[in-house]
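Every read-out reported here was derived from the displayed coordinates using simple, explicitly stated rules and does not represent laboratory data. Only a predicted model underlies this, so the values are computations on that prediction, with no experimental measurement involved. Glycine gets a Cβ as well: all are built from the backbone with ideal geometry, and neighbour counts include every protein chain shown.
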């Protein structure tokens, strides 16, 4: 006999949620959650569909890891600390081995980032995962897209472009050696939500976004919401050694500018706080690079050695893309 | 050119969320929400999959209505008042007419129950809708499944069985006249979340569940979580005149006991509060019927004129059912 929904939930997901503020976790009509005093709740929901956002036959442990990590990245982009998450899991059939792997991946990440599963829904249907994360942030420390100001410097954490290269490997458009393969797969399936970095930026930055749709597209959102423009220098955009080894400059520029899924933070810093951010970078605590400046106007202009550079693509669109 | 995700969100869902406590709605990495003072946040997530939970070709306005209504029902079952919701919408392609209808249905219900859309995700893939609702309740007024006590009376609001009959009509297993057709379809697609009733029960009941999986199954959850049993009398279970007209007693009993999707509240009342609940019923404010009693033991026993009645089915299982 197939496992029913209740047995499923109990067997794989019914961990007692002893996290902060959980008065009732899984097991009633609603979870009951107590927000930390003096803070607002930050919530974000993401759906990942099999065959669109990840290959249907991907390792369930990696699917779960990626799903939770990309959601945590939205909390980082808001400057919020993780508290709770809910999971909507739709599966074609109950496959216990698949479920086991999925639960293992999910709780590995949940434990690492101290976020508790408090509820959700499991249903039958085409493979898809919806996660909603809930975090807390002091209202005046939230990193808002609308807070960029003319004269701010623009930074990005880590490297960009690796996830786009990974997708090319998955689609068999790019062939790489074993160690590069492992490097790119790990960046694709195990993106690091920049929660530590977001915490460091408290009081230093007022504005951030995570690079999920591509650097140009996401910085473009900041510009639009803030009513400003941006100028960035292509040569200052950080890419990994691994990426430099497997592709030509033109391809790298496209992946770094328009490839999604890197989940780095792109943030802005006002002139009076530049010393503070530089001190963090110099101390080796914060891995981030200044890539340009917020300017009057609108849209993102890319320069290459001071000349206007016209990118091949400007972004990623879920309705035009297939994986 | 197809509409991209951002245009989609803007065109159909970007209503300024001026609801209680919304510091930031749609348009940043997270929504920022301020919980009402002295209350806990109740959250519940439900996924409805096209071809499983509703016919794929159903009217998008009705799909949206139903999706939000069934989620609101979970807030009612917890005794919580609606505040905010998030929407994960997965669609095979961007169909503007479909989206228009969907948004119309969604905001009709949102306005009726005073709940604000504050975020979510739209993606391409097989049709599915995930909604998470967020409400507020005073901690000691939450209607918990674990709060039933031996000697409590068991009540159910409205009628049960109509939604199961509606499903039989949709599946063309049951043929009915035009006015009965409209009646059953309306009960299936436009279930009334029992929020007003839940509010009336504040301080009167400590324990409720909404009848989504079927009366026996849902009352069974109460019994399990409370460590008690239940005895209910088949002849006291309320069914509609419409249902009595279209089916035989045996079929009606099955639909009323094991049919899901009615979204009535099943709640318990301790002996010292029976006067209060009866006063509400007598005043015509609360439509509810006592159907049995919480007893020592476990599981739900059904009696028909005092004799043990063995139900044909005991519940609804998402992984065994198809629509």
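Summarising the strand pairing of segment A:5-140, around 70 percent of its internal DSSP beta bridges are antiparallel. By the equivalent-ellipsoid construction on the alpha carbon gyration tensor, segment B:143-309 comes out with semi-axes of 27, 18, 14 Å, ordered largest to smallest. Summarising the label geometry, the points placed 7 Å from Cα in the beta-carbon direction at residue A:100 and residue A:235 lie 5.5 nm from one another. When DSSP assigns beta bridges and you keep just the ones with both residues in chain A, what percent turn out antiparallel, to the nearest 5? That works out to approximately 70 percent antiparallel.
Measuring spread by the Cα atoms of chain A yields a radius of gyration and Dmax of 20.2, 67 Å. Which of A:255, A:84, A:98 ends up with the largest GNM mean-square fluctuation for chain A, with Cα atoms connected below 10 Å? It is A:98.
Taking B:309, B:54, B:85 in turn, the Gaussian network model of chain B (Cα-Cα springs below 10 Å) assigns the largest fluctuation to B:309.
Residue by residue along B:79-85, Cβ atoms of other protein chains within 10 Å of the local Cβ number 1 on average. On a per residue basis, the convex hull of the C-alpha atoms belonging to the protein assembly as shown measures out at 153 Å³.
Between 0 and 90 degrees, the angle of helix B:178-189 with respect to the longest Cα principal axis of chain B falls at about 70 degrees.
On a per residue basis, the convex hull of the C-alpha atoms belonging to segment B:5-140 measures out at 94 Å³. Look at A:224, B:248 and count the other Cβ atoms within 10 Å of each Cβ; fewest to most, that gives B:248, A:224. For segment B:146-187, the spread of Cα positions along the three principal axes, ordered from largest to smallest, is 44, 18, 12 Å. Within the protein assembly as shown, DSSP assigns beta bridges of which about 75% are antiparallel (rounded to the nearest 5). Sequence-distant contacts, meaning Cα pairs under 8 Å at least 6 residues apart, place the relative contact order of segment A:144-309 at 44 percent. Overall form of segment A:50-125: prolate. Here a/c, set by the Cα gyration tensor axes a ≥ b ≥ c, is 1.5 or more, and a/b is the larger of a/b and b/c. Gain on full extension, evaluated as 0.36 nm per residue between residue B:287 and residue B:56 minus their Cα-Cα distance, stands at 79.8 nm. Quotient of the Cα radius of gyration of segment B:23-79 and 2.2 N^0.38 Å, N being its number of residues: 1.47. Against chain A, whose longest principal axis comes from its Cα atoms, helix A:96-113 is set at around 50 degrees. In plain terms, the bigger the Kirkwood radius, the slower the diffusion; for segment B:220-323, with that radius from Cα pairs, at 4 °C and 1.567 mPa s, Stokes-Einstein puts D at 84 µm²/s. Which one of A:75, A:106, A:127 has the biggest mean-square fluctuation once chain A is modelled by GNM with Cα springs under 10 Å? For chain A, modelled as a Gaussian network with Cα springs under 10 Å, the answer is A:127. For the peptide A:128-135, the mean number of other protein chain Cβ atoms found within 10 angstrom of a residue's Cβ is 6. Report the FRET efficiency, 1/(1 + (r/R0)^6), for residue A:23 and residue B:248, where r is their Cβ-Cβ distance and R0 is 35 Å, rounded to 0.05. Step by step, r from the Cβ atoms, then E = 0.15. Across chain A, C-alpha contacts under 8 Å between residues 6 or more apart give a mean separation that, scaled by the residue count, equals a relative contact order of 22 percent. What does the C-alpha gyration tensor say about the overall shape of segment A:57-199? Classify as rounded when a/c is under 1.5, otherwise prolate if a/b is larger than b/c, or oblate. The shape class here is oblate.
Copy-to-copy label distances for residue A:107, where each label lies 7 Å from Cα along Cα-to-Cβ, are 4.4 nm in order of increasing length. Among the residues of B:112-121, the average count of other protein chain beta-carbon atoms within 10 Å of the residue beta-carbon is 3. Model label points for residue A:308 and residue B:139, set 7 angstrom from Cα along the Cα-to-Cβ axis, are 6.1 nm apart. Considering only alpha-carbon pairs that sit under 8 angstrom and 6 or more positions apart, the relative contact order computed for segment A:5-140 is 38 percent.
Peptides B:65-72, A:299-306 ranked from most to least packed give B:65-72, A:299-306, packing being the mean of other C-beta atoms within 10 angstrom over each peptide's residues. The distance between label points at residue B:280 and residue A:146 comes to 4.0 nm (points 7 Å beyond Cα on the Cα→Cβ vector). Between 0 and 90 degrees, the angle of helix A:249-258 with respect to the longest Cα principal axis of chain A falls at about 60 degrees.
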